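The values are calculated or read from the model by the stated rules, or taken from the named source; none is laboratory data. Note that the structure is predicted; figures quoted are calculated from it, not measured. Using ideal geometry, Cβ is built from the backbone for each residue, glycine included, and neighbour counts are taken over all protein chains shown.
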Amino acid sequence: MRKHSIWIFLVFNFLEVVMAQKGNSYIVKLSKSHLEWGTHRYTNTRGKIYGEGYIPIPAQYARAYNLLNKNGTAGQDQLGQNIFNCISEDGFFAGKLRAQGCSQKGNPYAKQFSGDKNLKALGEWYSEFDVSIGDEIEVIFTSETDILLRIKKHDSTDKL
């Protein structure tokens, strides 16, 4: 019985260590599906909804920062794991982001951020600043529970 208690203690402490920390960050290049989530889809599970957008979470960062979806939080919202306070550097977006989705059924790690209970929140931000395919978003953790978003426009004169 004692071995199980030690194992649970070690796993719990490991999960605490891998949470996002102040200064952690990543940058992602946006594609059409990130900018037009509600209309540029690969499934027909629902009708088209204009204005939706999301920020992808690369798998290595989801694991490194313990960014979980509802599979990883037993369906409960947990600040710093699947819900984050967020502001954009420009001040346009201020609200909560939800880490969600998974690449494989049952996987506990999130694959994207969206506005919490508002799938158009990021789409409106993208639209306001004319974010386009190839632009980048920098996701900066200012604490375990807070995120700062920064748009990095690509130079349209660059050769792809």
Study note, to complete from the structure: Flagged in segment 113-126 as of a type in the set (D, E, K, R) and either without any contact (Cβ under 8 Å) to a residue 12 or more places away in the chain or not in a loop (DSSP other than H, G, I, E, B) (or both), in numbering order, are Glu124
Check your understanding: In segment 118-129, is there at least one residue being under 23 Å from Lys22 (Cβ atoms) and surrounded by fewer than 17 Cβ atoms within 10 Å (Cβ to Cβ)?
Key -> no
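With respect to Gly106, is the statement that it is surrounded by fewer than 16 Cβ atoms within 10 Å (Cβ to Cβ), farther than 24 Å from Lys32 by Cβ and modelled with pLDDT under 95 true?
yes
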Point to revise | Filtered residues of segment 84-112 (kept if hydrophobic (A, V, I, L, M, F, W, C) and touching a residue at least 24 places away in the same chain (Cβ under 8 Å)) | key: Phe84, Cys86, Ile87, Phe92, Phe93, Leu97, Ala99, Cys102, Ala110
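Scan segment 127-136 for residues that are more than 18 Å from Tyr26 (Cβ to Cβ) and either touching a helix residue (DSSP H, G or I) at 6+ places or on another chain (Cβ under 6 Å) or in a loop (DSSP other than H, G, I, E, B) (or both) and jot them down. Walk me through how you get there before you give the answer.
The initial filter retains those residues of segment 127-136 that are more than 18 Å from Tyr26 (Cβ to Cβ), namely 127-130, 132-133.
Scanning segment 127-136 gives Phe129, Asp130, Ser132, Ile133.
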